[in-house]
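The values are calculated or read from the model by the stated rules, or taken from the named source; none is laboratory data. Everything numeric in this text was worked out from a predicted model, so none of it was measured. Note: ideal-geometry Cβ built from the backbone for every residue, glycine included; neighbour counts use all protein chains shown.
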Amino acid sequence: MDSTKTAGDGRSPRLAVEGLSVAFDQGGREALAVEDVSFRVERGETLALVGESGCGKSVTCMAVMRLLATPPARIVSGKVLLSGKDVMPLGNGEMRRIRGKRMAMIFQEPMTSFDPVYTIGYQLVEAVLTHEAIDPAEAALRAQAVMRDVGLADPAGLMRRYPHELSGGMKQRAMIAMALVENPEIILCDEPTTALDVTIQAQIMDLLAKLRDERGVSLLFITHNLGLVAGFAHRAAVMYSGRIIETADVEALYANPLHPYTIGLFASVPRLDQDGGRLPSIPGSVPSLPERPVGCKFWPRCDRARDVCREEDPPLEDKGRGHFCACRLVAREGGA
Amino acid sequence: MTPLVECVGLTRHFPIRSGVFGRTAGVVHAVDDVSFHADRGETYSLVGESGCGKTTTGRMVIRLEKPTSGAMRLDGEDVSNLTGKALSAFRRRVQAVFQDPFSSLNPRMTVGSIVEEGMLVHGIGHSPSERRERAKEILALTGMSPDSLDRFPHEFSGGQRQRVGLARALSTGPDFIVADEAVSALDVSIQAQIINLLAELREKLGLGYLFIAHDLAVVKHLSDRVGVMYLGHLMEEAPAADLFREPLHPYTKALLSAIPEPDPAKRGKKRIILSGDVPRSDRPPAGCRFHTRCPEATDRCREGDIPESHPAVGRRVRCLLYE
């Protein structure tokens, strides 16, 4: 199902995921961690995948990059179209040629994403030489140019440094440089600033926005931080228990969240522009993978749940003007 | 009136040892000359980024760490050098809740024995059945059902585990609780439940809190007064409402400005983006500790001690702009 159509220019989106389902082996029994997830990201666009821990946002990202350990994970179904071409049937060797070249990834932990025994320079040059048969000296020059682009001072000196000699913010800049060095079509960012302090986070988000706008690179931005989504993404898809339950333009989503989970989630965020008092909260907690209920995954925590919610999982449908929501209780715009 | 908890010039330096003889190669200035007080029924929050010294300050308040100099007083009595019975009595009155509900509960103990252990240590309750009854009451207070007593921590979600951690802290009937990033590891929808619970318990039991956090929106929600730390120094202190309405210190301004707000309409908002990183705490800059990143720094900021100013009632700021 096409859930995230935008006014395209007729060309294929940079990334389109269609009907992706991923199962995990739970001691002999398989459980779906990600269920029928579809979305697309256009050129220069940022789509945020938002949700709390265990909602499947990172698994989705890892499945797209084909970085999931199989087993225990298994991609049950789905297509991953990179500029129109399905990369799902490709073997590991072919995927290696695409990863880092056409689609890159920035991980959450800048502390653990570099190999501690090699210099930053070695690792950046390696990222180039994996994909291109060029002179290492030329690759080093290119690496230094990208390091300058991401705001790292003295790139030549940094090339000889080891990861532990860099601060968290510098490491994340180096990580971004590594993702950019091959000029990918899309970068998947999995909580890229969660491990950083808020003033450093502001620096990194500023940098990502600048690079996106200058280079037209598309971003799939995975986060739990609703503040970052509001300030940075064009569209957002909210995930709950393995499914996308709502997706819309960021302005529309924040102005008028439709799904009871999204409404509850937004309300429970403590805000700087509000005074204290009791925070609205969602009762209960996110069900673990084997405990996910039949029907709508949210019904045990939903105060509006009815019998129909307990029986069938509602489809993600357009409720008007490209605002998609998977809830039977939400009427279509103009409808009853 | 004597405040419940009062810290005066609290300082903690950690020597860096190196080589086979453990020669002191340097000193980490974790906390330098920090003073504040907190009362019953009040939440005092310490905020700041990693390495600012907020956690070390909290550890000194619960006496897990001895100050290098300065004093920590409970009801006017200096507790920095307590030992034996007196220290035990102090621990009964000042308890802690930690950040990670996964590693702060012993996985081999049932929830009941976790909550009862503190009572046992402090001789609360005359019999096992009395302690069990009390544990049940305290767990109910934190929103846990009585059947949780005989279950193990791994059977519960993060939010429920944090409730157990809170129940353990309450088991000795404390006056003051130090909560170090107590809601940071939780998801937003669960975080709201625990924030509400903390506020509820404060009203019901008249507790005082030292709430240590990096999330300023949470802090605004829960605090009466807030202290902002940077590189071991308390840079600014103010009633919460004043601090968020009108931050004075350039660091506080930058910190507030850096928070991403969940409102797309604020996207165009001009933000203060600080350049560079926090300097290393074993080589703190001379003068104002923030001058290396401060957009308003002048030559005078780069040397000497920066005195504290009192620009308004209940407000303190360590910045030459407010002399």
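In this structure, residue B:242 qualifies as out of contact with any Asp or Glu (no Cβ under 8 Å at 6 or more places or on another chain) and in contact (Cβ under 8 Å) with a residue 60 or more places away in the chain.
Only one entry of A:245, A:282 meets the criterion of being within 14 Å of another protein chain (Cβ to nearest Cβ), in contact with a helix residue (DSSP H, G or I) (Cβ under 7 Å, 6 or more places away or on another chain), aliphatic (A, V, I, L, M) and more than 19 Å from residue A:48 (Cβ to Cβ), and that entry is A:282. If the condition is being more than 12 Å from chain A (Cβ to nearest Cβ) and either in contact with a strand residue (DSSP E or B) (Cβ under 6 Å, 6 or more places away or on another chain) or assigned to a helix (DSSP H, G or I) (or both), then the stretch B:240-249 contributes B:242, B:248, B:249. Of the residues making up the stretch B:87-124, just one is without any contact (Cβ under 8 Å) to a residue 40 or more places away in the chain, crowded, with 16+ Cβ neighbours inside 10 Å and closer than 12 Å to residue B:173 by Cα, namely B:90.
Being under 25 Å from the mean Cα position of the chain (by Cα) and either crowded, with 21+ Cβ neighbours inside 10 Å or touching a residue at least 60 places away in the same chain (Cβ under 8 Å) (or both): is that true of residue B:165 here? Give the steps one after another, and end with the answer.
On the way: under 25 Å from the mean Cα position of the chain (by Cα): yes; either crowded, with 21+ Cβ neighbours inside 10 Å or touching a residue at least 60 places away in the same chain (Cβ under 8 Å) (or both): yes.
Taking the combined requirement at face value, the residue satisfies it.
Give all pairs with beta carbons closer than 9 Å in which a residue from the stretch B:300-322 that is farther than 14 Å from residue B:250 by Cβ meets a residue that is part of a loop (DSSP other than H, G, I, E, B) and of a type in the set (Lys, Arg); count only pairs at least 6 apart in sequence or on separate chains. Cβ pairs passing all conditions: B:307/B:318; B:308/B:318.
Selection of helices (runs of 4 or more DSSP H) fully inside the stretch A:241-336 by the criterion of at least 1 residues being touching a residue at least 60 places away in the same chain (Cβ under 8 Å) returns A:250-255, A:260-267.
Report yes if some residue within the stretch B:149-162 is at pLDDT below 95 and touching a strand residue (DSSP E or B) at 6+ places or on another chain (Cβ under 9 Å); otherwise report no. Among the residues of the stretch B:149-162, at least one is at pLDDT below 95 and touching a strand residue (DSSP E or B) at 6+ places or on another chain (Cβ under 9 Å), which makes the answer yes.
The residue of the stretch A:31-58 that is nearest to residue A:247 (Cα to Cα), among those that are surrounded by fewer than 21 Cβ atoms within 10 Å (Cβ to Cβ) and among the hydrophobic types (A, V, I, L, M, F, W, C), is A:32.
Please return the ranges of helices (runs of 4 or more DSSP H) entirely within the stretch A:132-240 where 1 or more residues are of a type in the set (Phe, Trp, Tyr) and within 14 Å of another protein chain (Cβ to nearest Cβ).
Working: elements: A:136-149, A:155-158, A:168-180, A:198-215, A:226-232.
Once the helices (runs of 4 or more DSSP H) in the stretch A:132-240 are filtered for at least 1 residues that are of a type in the set (Phe, Trp, Tyr) and within 14 Å of another protein chain (Cβ to nearest Cβ), what remains is A:226-232.
Please count how many residues of the stretch B:214-233 are closer than 26 Å to residue B:14 by Cα and either under 13 Å from the mean Cα position of the chain (by Cα) or outside any strand (DSSP E or B) (or both). The qualifying residues number 7.
If we keep just the residues of the stretch B:32-51 that are touching a Phe, Trp or Tyr at 6+ places or on another chain (Cβ under 8 Å) and under 25 Å from residue B:280 (Cα atoms), which is nearest to the other protein chains (Cβ to nearest Cβ)? Selected residue: B:49.
From the residues in the stretch B:193-231 that are more than 30 Å from residue B:278 (Cβ to Cβ) and facing another protein chain (nearest Cβ under 7 Å), which one is surrounded by the fewest Cβ atoms within 10 Å (Cβ to Cβ)? Lay out the reasoning, then the answer.
Here is the first cut: in the stretch B:193-231, the ones more than 30 Å from residue B:278 (Cβ to Cβ) are B:193, B:196-197, B:199-207.
With facing another protein chain (nearest Cβ under 7 Å) added as a condition, the list becomes B:193, B:196.
Numbers: B:193: 23, B:196: 19.
Here the answer is B:196.
Scanning the stretch A:126-146 for residues that are of a type outside the set (Lys, Arg), under 18 Å from residue A:157 (Cβ atoms) and in contact (Cβ under 8 Å) with a residue 24 or more places away in the chain yields a total of 2.
Within the stretch B:255-270, is there a residue that is within 12 Å of chain A (Cβ to nearest Cβ), among the small types (Gly, Ala, Ser), assigned to a helix (DSSP H, G or I) and touching a residue at least 40 places away in the same chain (Cβ under 8 Å)? No; the residues of the stretch B:255-270 include none that is within 12 Å of chain A (Cβ to nearest Cβ), among the small types (Gly, Ala, Ser), assigned to a helix (DSSP H, G or I) and touching a residue at least 40 places away in the same chain (Cβ under 8 Å).
Determine whether the stretch B:8-19 contains at least one residue that is farther than 30 Å from residue B:196 by Cβ, charged (D, E, K, R) and surrounded by 19 or more Cβ atoms within 10 Å (Cβ to Cβ). Please lay out each step first, then the result.
Quick first cut of the stretch B:8-19, residues farther than 30 Å from residue B:196 by Cβ only: B:8-19.
Filter again for charged (D, E, K, R), leaving B:12, B:17.
Then drop every residue that is not surrounded by 19 or more Cβ atoms within 10 Å (Cβ to Cβ), which leaves B:12.
Yes, that holds for at least one residue.
Residue B:277: within 11 Å of chain A (Cβ to nearest Cβ) and under 30 Å from residue B:192 (Cα atoms), yes or no? If you could, list the steps in order and put the result at the bottom.
Details: within 11 Å of chain A (Cβ to nearest Cβ): yes; under 30 Å from residue B:192 (Cα atoms): no.
Considered against the rule, which asks whether it is within 11 Å of chain A (Cβ to nearest Cβ) and under 30 Å from residue B:192 (Cα atoms), residue B:277 comes out as no.
A count restricted to the stretch B:271-313 and to residues that are in a helix (DSSP H, G or I) and surrounded by 15 or more Cβ atoms within 10 Å (Cβ to Cβ) stands at 1.
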